[in-house]
1. Filter region 179-197 for residues that are out of contact with any strand residue (DSSP E or B) (no Cβ under 7 Å at 6 or more places or on another chain) and either closer than 21 Å to residue 226 by Cα or within 16 Å of ligand 2 (Cβ to nearest atom) (or both) and give the result.
2. Output the number of residues of region 255-268 satisfying the condition of being surrounded by fewer than 22 Cβ atoms within 10 Å (Cβ to Cβ) and assigned to a strand (DSSP E or B).
3. Are any of the residues in region 169-181 over 25 Å from residue 245 (Cα atoms), away from ligand 1 (no atom under 16 Å from the Cβ) and in a loop (DSSP other than H, G, I, E, B)?
4. I'd like to know if region 188-206 contains one or more residues that are away from ligand 1 (no atom under 14 Å from the Cβ) and under 27 Å from the mean Cα position of the chain (by Cα).
5. Identify, by number, the condition in (1) on the phi > 0 side of the Ramachandran plot; (2) away from ligand 1 (no atom under 16 Å from the Cβ); (3) at pLDDT 70 or above that residue 316 doesn't meet.
6. From 242, 224, which residue is in contact (Cβ under 8 Å) with a residue 60 or more places away in the chain, farther than 22 Å from residue 94 by Cβ and away from ligand 2 (no atom under 16 Å from the Cβ)?
7. Select from region 138-168 the residues that are crowded, with 20+ Cβ neighbours inside 10 Å and either in a loop (DSSP other than H, G, I, E, B) or more than 16 Å from ligand 2 (Cβ to nearest atom) (or both) and list them in ascending order.
8. If you scan region 190-224, which residues turn out to be at pLDDT below 85, farther than 17 Å from residue 135 by Cβ and surrounded by fewer than 16 Cβ atoms within 10 Å (Cβ to Cβ)?
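The values are calculated or read from the model by the stated rules, or taken from the named source; none is laboratory data. Everything numeric here is computed off the predicted structure, so don't read it as measured data. Cβ sites come from the backbone with ideal geometry, for glycine too, and all protein chains shown count toward neighbours.
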Ligand code: GDP
Ligand code: MG
């Protein structure tokens, strides 16, 4: 998500860590570098200023400079300041605040409002809630159809409008939800290319009719500073309750997203990380800070792994993983699980130091299609070959290539990658101890672990 930013920050951290004692000047130089990196990553200048001042105030104190590992101390300070900038504690919608709680999504056209409505319905459904979807865009039938299709395709409740103006439907909508025991009430709105009066009037009318309404602004994470300006303008005209940042799977302009909360004063509630219905995550400032700083987001990873994995299989595999006895069969199963968990990049970026592995991954070009091919190759091997890939000589390679409809080069590549994976695992295994320590501290137990990548 924040790849290049993470990488650069880590280079600076390395320098700070590498020294025993730090002078005040050295700290200041380090901070100057961090400042430059943040600005280059498109973090808003006012946010950078506040951040650097915050860190500097705490970092140049005698206690830090006199401590045994001032570099570590400073990185800790950087982390906690970043967490503050991102919002401190996690913010959540309280569905109990009204029956039902209307949640309206506003924002410019194309930012992801309609998609996010569906994702939110999915998120709350999974949580045992019974959401109701409704589109207040009465001008474009296609916009309503888009939402209705999402609702129909996923078995979410959808309210069909009855009048010509959403203002007339809103009361009825609330009653309908109440009768059906539905909550939250997720309201999609028409976007515009620019913020204009009619849009703001509409938002304000809607919130007057349903005063318990929570208004979430959807911002496009790929828009960079421009998104921030829009968010700032919105926040100045409408009372916002939360932000949703979409398209956050890309690396492009992550800095703007970092600044969103600070610039608007409105908490980030969710982030969207793809076009699919499952690509929505609640926003945790603490986890995000770790991720940006390359310290990984192990908790999210554990949660995702638990959702995707067959626990017993996972435990067995982890056992072998710990013993360094990985086979092609494991790799095959692992590929299945990876496919369940979504893109590999997403997994690696949540591991401590995973951003480095991501580079290696990119060099090894493991796309989903590659994964399918590799599985075909593995499945063309005999059980013996899968367990002892070293026996796969030239003639076996030819046979496997033919059987899997691939080429000998591809078989060679897989075998090479298998060896590389083994090496990567060794590296990860060194992190594993830390991961488990953190997990058990959080009461997550050792069994979940990270998937045996
Ligand atoms: P709206 O005009 O605000 O309602 O925007 P839509 O919900 O129609 O989304 C516009 C486009 O953005 C669609 O192609 C969506 O699939 C895409 N989109 C929405 N959220 C995300 C996201 O988190 N990541 C990515 N990559 N695309 C997204
Ligand atoms: Mg829309």
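1. 190, 191, 192, 193, 194, 195, 196, 197
2. Qualifying residue count, region 255-268: 0.
3. Yes, the conditions are met somewhere in region 169-181.
4. No, because not a single residue in region 188-206 is away from ligand 1 (no atom under 14 Å from the Cβ) and under 27 Å from the mean Cα position of the chain (by Cα).
5. Looking at each condition in turn, residue 316 falls short on (1).
6. 224
7. Those that are crowded, with 20+ Cβ neighbours inside 10 Å and either in a loop (DSSP other than H, G, I, E, B) or more than 16 Å from ligand 2 (Cβ to nearest atom) (or both): 156, 159.
8. 193, 194, listed by residue number.
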